[in-house]
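Single-structure report; data block below.
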Amino acid sequence: MSGRRVVAIFRRVVQEIRRDHRSVALLLVVPVVMTGLIAFIVREGQSPAVGAVVVNPAGPPGLVVAAALGAALEADGGSATLVADEAAARAAIEDGSASVAVLLPAEIAPGVAMTVTILTNGLDPAGEATQVAAVGRAMLAATASVTGMVTPTIERTTLYGVPSDDPMAPFAPAILGFLAYFFVYILTGISFLRERTGGTLERLMATPVARGEVVGGYLLGFGLFATLQVAILLAWGFGSVEIPALGPLPSFSVGLGLPIAGSPLLAFIVVVVAALGAVSLGIFLSTFARTELQVVQFIPIVIVPQFLLCGVLFPISSLPEILQPLVGLMPLTYAVDGMRQVLIAGADLGAAALQTDLAVLTAVAVFFATIASLTIRREVA
Amino acid sequence: MAVQAGQSMAPDPGAAVRASDLVKTFGSIRAVDGVSFDLAAGRIYGLLGPNGSGKTTLIRLLTGMARPTAGRAEVLGVPMPSRAVLARIGYMTQSDGIYPGLTVGENARFFAAVYGVRERGQVDDALSVVDLADRVDAVAGTLSGGQRRRLSLACALVHRPPVLFLDEPTVGIDPLLRVEFWAHFRSLAAGGTTIVLSSHVMDEADRCDELLFVRSGKVIARGTGRELRDRAGTPDLEQAFLSLGADVGATR
């Protein structure tokens, strides 16, 4: 062991990293910015004011409770409005004019046990849970203010039925969409970079091939593998195959068996379109990288903000107001929403929300494919 | 331009490759600095000059890979860049430019397909020309350096181009392979192929039909090896290059 040689290697490492400005930034600046962003989201995150509609079939005693509930919600900046019946309440949730509906029981009297049903949209389970909790607290405060009232039992339901008690169910749409996007981006970015650094792109450009043909071929090639990946991922996620007991082996099931309300084929289409956008993004960003390390260095810039803002980790409704406009700019937001529409709401191709998601994802894929083909440097298109 | 046209002979209408006052600047660096020449079909031309003299940039301008800052490059009578002419140009880059994960045959067939070659026989021909016919199923990444270089040449020949640009084709290959390469070049030229190659190795320059000395982005002399040696009054090309380029080198 020679101290001098260790020092020589130490100096070499320091000199090399110091000259690689991106690595320096990755080490020193990015963690500060990211922890700052996360702290901002967590600290400044809003518990959005609850806009509740109340259905009261119980007559005057119910009105007393509803008024107390309204007062409790207004104390937190929310509101409660009476509507005629459950159908009107569902309509208000569906069109977004209310975030929560409170369905009071038919009979409200001192000393009588009552069950209050709280209805939400259901698409954003984590975000809605905070709202339901807020209404639950307000409900307790409201009943406590009326003498002799029994503490109500609160039941939760959504537009699409009672939420699954599978703790993975709220995360599944977002996680499945995100993973497919992420891996396809890394794979494409690195292999297109190899084409640039290996000299094959230069040679390819000296042939009559058109830039659009190069990007088109890449989209097809990586699209094939993205399709396979998504197919396996979704089969694993939604499938559940019972393997019968065999000899000493007990029976077990393969697959996560996640609940899905809509068509698995539609879920598949949503993720594949999102993944094609990731292929184009990978080709485009490889322009700005000279080494494979640099493709990886784009992750904190390209992938992490999407991860933080698309609703995978933090419910979109709880993000700080300033960040809300960015949410709409993240392609993953539409992938995650599309997956929720299919998995939770059971949307079909006729659903406007799903159409929007698919249209945006397609537009993103086409946009990045176009600028990717423009960034392939060549004098003849 | 008028002055230069007056100095040179009447432009050859059948020139395979023509440069007219070509200039390419990168910032303040003039990588190619006013180059004009006509190259006739079926001959082998050597662009000779030290590293950084502008040979590669010149080849990139002639193949249409880069757009000139000023002037004009023509191949087969068509101004470059032109996609149509690219189908009739073979280009062997300095790096091998082959896919290491594909086999020898897959590499050659890929470039054949991109060039629009339909006959399977042309691929086999190109591979046997470079003596790789028996390695068709070998993965390119496992080949030796010389074999990779040969595959690279085969990929540039697969569409039987009438004009071939070779950027430092013999760098890093052993003397035996170099002799083989030159035999290929000779037989291609005999078949009418125009070959433009770059090199900084003076001792193989004598194998070219004509040499163009490139220095600081300019063509400082042109002629056969013998002519250039006689003009400089030196016994070898290396000294001829130094003596003919003495004034140019000082201006940089």
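Using unit Cβ charges (K, R positive; D, E negative) and no other charged atoms, how large, in debye to the nearest 20, is the dipole of chain A about its Cα centre? Before the final figure, lay out the partial values.
Details: 19 positive and 25 negative charges, 484 e Å.
So the magnitude is around 2320 debye.
Computed extension gain for A:VAL366 through A:PHE171, at 0.36 nm per residue and net of the alpha carbon distance, reaches 67.4 nm.
Using DSSP to call loops (not H, G, I, E or B), can you name the trypsin sites (Lys or Arg not before Pro) in region A:156-222 whose Cβ has at most 11 other Cβ atoms within 10 angstrom?
Numbers: sites: A:ARG156, A:ARG194, A:ARG196, A:ARG203, A:ARG211; in loops: none.
Within region A:156-222, no trypsin sites (Lys or Arg not before Pro) qualify (loop, at most 11 other Cβ atoms within 10 Å).
Averaged over the residues of B:52-63, the number of partner chain Cβ atoms lying within 10 Å of the residue Cβ comes to 1.
Report the paramagnetic label zone for A:LEU256: residues of region A:203-243 whose backbone N is under 20 Å from a point 7 Å from Cα along the Cα-to-Cβ axis. Under cut-off, by backbone N: A:226-243. Simple rule: put +1 on each Lys or Arg Cβ and -1 on each Asp or Glu Cβ in chain A, find the dipole, and look at A:GLY189, A:ALA126, A:LEU219; the Cα lying farthest toward the positive end is A:GLY189. Excluding A:ASN56 itself, what net charge comes from residues whose Cβ is under 15 Å from its Cβ, given Lys and Arg +1 and Asp and Glu -1? Computed value for this residue: -3. With kT/(6 pi eta Rh) evaluated at 37 °C and eta = 0.692 mPa s, and Rh the Kirkwood radius from Cα pairs, region A:172-375 diffuses with a coefficient of 181 µm²/s according to Stokes-Einstein.
What does the highest-first list of B:189-202, A:106-119, B:21-34 look like by mean Cβ count within 10 Å?
Numbers: B:189-202: 18.8, A:106-119: 15.2, B:21-34: 16.9.
Ranking the peptides B:189-202, A:106-119, B:21-34 by packing returns B:189-202, B:21-34, A:106-119.
Spatial offset of region A:137-182 relative to region A:54-73 amounts to 21 Å, using the alpha carbon center of each.
For the pair A:THR197 and A:ALA87, what calculated FRET efficiency results from E = 1/(1 + (r/R0)^6), where r is the Cβ-Cβ distance and R0 = 51 Å, to the nearest 0.05?
Once rounded, the FRET efficiency stands at 0.25.
Compute the Cα gyration tensor for region B:36-134, then decide on rounded, prolate or oblate, letting a ≥ b ≥ c be the square roots of its eigenvalues: rounded whenever a/c is under 1.5, prolate when a/b is larger than b/c in the other cases, and oblate in all that remain.
On the way: a/c = 2.00, a/b = 1.69, b/c = 1.19.
Prolate, because a/c is 1.5 or more and a/b exceeds b/c.
Return the calculated 222 nm mean residue ellipticity for chain A, to the nearest 500 deg cm²/dmol, obtained by summing -39500 (n - 2.57) across DSSP H runs with n ≥ 4 and dividing by the residue count.
Working: 15 runs with 221 residues, N = 381.
That calculation yields -19000 deg cm²/dmol at 222 nm.
Computed from label points 7 Å out along Cα-Cβ, the spacing between A:LEU63 and A:LEU228 is 6.9 nm.
Our Cα-only numbers for region A:207-254 put the radius of gyration and Dmax at 20.1, 64 Å.
For B:ASP131 and A:MET1, what does the FRET efficiency come to when R0 = 51 Å and r is the distance between their Cβ atoms, rounded to the nearest 0.05? Result of the calculation: an efficiency of 0.55. Under the convention that each Lys and Arg Cβ holds +1 and each Asp and Glu Cβ holds -1, the size of the dipole of region A:1-145 around its Cα centre is about 1740 debye.
Whole-Hz Karplus values for region B:112-120 come out as 4, 5, 5, 7, x, 7, 9, 6, 4 Hz, taken residue by residue from phi with 6.51 cos²θ - 1.76 cosθ + 1.60 and θ = phi - 60°; glycine and proline positions read x.
Once the mean of 1/r is taken over each pair of separate Cα atoms and inverted, region A:139-269 shows a Kirkwood hydrodynamic radius of 19.9 Å. Positive-end ranking of B:MET65, B:SER152, B:GLY141 along the dipole of chain B, with charges on Cβ about the Cα centre, is headed by B:MET65.
Using a ≥ b ≥ c from the Cα gyration tensor of region A:92-142 (square roots of the eigenvalues), is it rounded, prolate or oblate, where a/c under 1.5 gives rounded and otherwise the larger of a/b and b/c decides, a/b for prolate?
Numbers: a/c = 2.79, a/b = 1.84, b/c = 1.52.
Note, shape of region A:92-142 comes out prolate.
What is the magnitude of the charge dipole of region A:256-381 about its Cα centre, with +1 placed on the Cβ of each Lys and Arg, -1 on the Cβ of each Asp and Glu, and no other charges, expressed in debye to the nearest 20? Don't skip to the answer; put the middle values down first.
Values: 4 positive and 6 negative charges, 60 e Å.
Charge dipole, region A:256-381, about its Cα centre: 280 debye, nearest 20.
Shielding by partners for peptide B:78-85, expressed as the average number of C-beta atoms from other protein chains within 10 Å of each residue's C-beta, is 3. Taken one residue at a time, the phi angles of region B:132-138 give Karplus couplings (6.51, -1.76, 1.60, θ = phi - 60°) of 10, 4, 8, 10, 3, 9, 6 Hz. Gly and Pro are set to x.
Can you give the FRET efficiency to the nearest 0.05 for A:ALA129 and B:ALA183, using r as the Cβ-Cβ distance and R₀ = 60 Å? Display every interim value, and only then the final one.
On the way: r = 78 Å, r/R0 = 1.30.
Once rounded, the FRET efficiency stands at 0.15.
Quotient of the Cα radius of gyration of the protein assembly as shown and 2.2 N^0.38 Å, N being its number of residues: 1.39.
Sequentially through region A:308-313, phi angles give Karplus couplings (6.51, -1.76, 1.60; θ = phi - 60°) of 6, 9, 8, x, 6, 9 Hz, Gly and Pro residues having no value and appearing as x. For a test of the definition: using alpha carbon positions, the gyration tensor, and the 1.5 limit on a/c, classify region A:306-368 as rounded, prolate or oblate. Oblate, because a/c is 1.5 or more while a/b does not exceed b/c. Amide H to amide H distances under 5 Å link B:ASP33 with B:LYS24, B:LYS218, where only residues 5 or more positions off or on other chains count and H is placed in the peptide plane.
Compute the convex hull volume of the Cα atoms of region A:51-158, divide it by the residue count, and report the result per residue in Å³ as a whole number. All intermediate terms of the calculation are to be shown ahead of the outcome.
On the way: hull volume 8.8 nm³, N = 108.
For region A:51-158, the hull spanned by Cα atoms encloses 82 Å³ per residue.
Since every read-out is calculated from the coordinates, none of them should be taken as a lab result. Bear in mind the structure is a predicted one, so any value in this text is a computation, not a measurement. All Cβ positions, even for glycine, are placed from backbone atoms using ideal geometry, and neighbour counts span all protein chains on display.
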